[in-house]
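Here's the structure, in structure tokens; my notes come after.
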Amino acid sequence: MQRGLAACLVSAAFFLLLAVPGALAQSAKAAALRQSMGLSPITPPQAFLDGYFIADESQPAFLYGPVGLFARSRTCPVAWLIEDAEKERMSRRDPKNPVFEYTLFLEQDCPDAVTHFVFLDQSAMNPKQWIEWRRQFHKNKAEPEYADTVKRLETAIAGGFPVTGELRFMLVNGELSPGSLEKLLPSGLSCPPRYDCAQGVPVN
């Protein structure tokens, strides 16, 4: 009876893992990278997935997305992950303070390479709170450095394009991929721009 109970518990645990998106790495290489990078599965907020993202925080030229569509359009299995240290930082977050962003990894597991798209979830903040967050690190340089970005984000949001994140960088097999993400997104990643931040109009 004990052997049968143990088998049931193992089976239940296995199906519980299957119920969590991305709980099981799709390949040995992906599993090894998750372990070495301290990554574990997470379900991102729907607001983050429904919104658009920038790929250059200093002077974004375009909005891409939505985030969820970008993830679904990848040609290989994907999973959302978070660093264990970042998860711990989130647990200490003041729920009453919306000024907060954190890092999420979108893992794409292809036979030739495991790619991690490293996003910032900023869905809890409006543009003014976005620059307030940066003031922690840039002090009085935050306003002059990011004033143009804030104007562009506010115009986009007013035009019906909620901005909920930023694609900060990309890792291929654990190594930083060089080059401009804004140039790579429409070409190498099949992710055309949806909104022209410089002109303040949707991209047809």
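The values are calculated or read from the model by the stated rules, or taken from the named source; none is laboratory data. In this text the structure is predicted, and so the values were computed from the model without any measurement. A quick note on method: Cβ atoms are made from the backbone with ideal geometry, for glycine too, and the neighbour counts reach across all protein chains shown. Keep in mind that these areas ignore ligands, DNA and RNA; they rest on the heavy atoms of the full protein, side chains included. Shrake-Rupley method; radii C 1.70, N 1.55, O 1.52, S 1.80 Å.
A few comments on the model shown:
- Cβ pairs under 7 Å, 6+ apart, first in region 111-130 and open to solvent by 20 Å² or more (accessible area, probe 1.4 Å), second in a loop (DSSP other than H, G, I, E, B) and among the small types (G, A, S): S123/G51
- Residues in region 89-98 that are farther than 19 Å from R134 by Cα and either surrounded by 10 or more Cβ atoms within 10 Å (Cβ to Cβ) or in contact with a Gly (Cβ under 7 Å, 6 or more places away or on another chain) (or both): 0 in all.
- Extreme residue, nearest to A113 (Cα to Cα), among residues of region 135-187 that are β-branched (V, I, T), part of a helix (DSSP H, G or I) and modelled with pLDDT of 90 or more: I157
- Considering region 63-75, the residues that are surrounded by fewer than 22 Cβ atoms within 10 Å (Cβ to Cβ) and either closer than 18 Å to S187 by Cβ or of a type in the set (D, E, K, R) (or both) include one that is modelled with the lowest pLDDT, namely T75.
- Residues of region 142-162 that are open to solvent by less than 20 Å² (accessible area, probe 1.4 Å) and either of a type in the set (A, V, I, L, M) or closer than 22 Å to V78 by Cα (or both): A142, V150, L153, A156.
- Considered as a group, the residues in region 24-40 that are open to solvent by 30 Å² or more (accessible area, probe 1.4 Å) and either in contact with an Asp or Glu (Cβ under 9 Å, 6 or more places away or on another chain) or basic (K, R) (or both) include one that is modelled with the lowest pLDDT, and that residue is A25.
- Checked against (1) in contact (Cβ under 8 Å) with a residue 24 or more places away in the chain; (2) exposed (fewer than 15 other Cβ atoms within 10 Å of the Cβ); (3) under 17 Å from L120 (Cβ atoms), L176 passes all but a single condition, namely (1).
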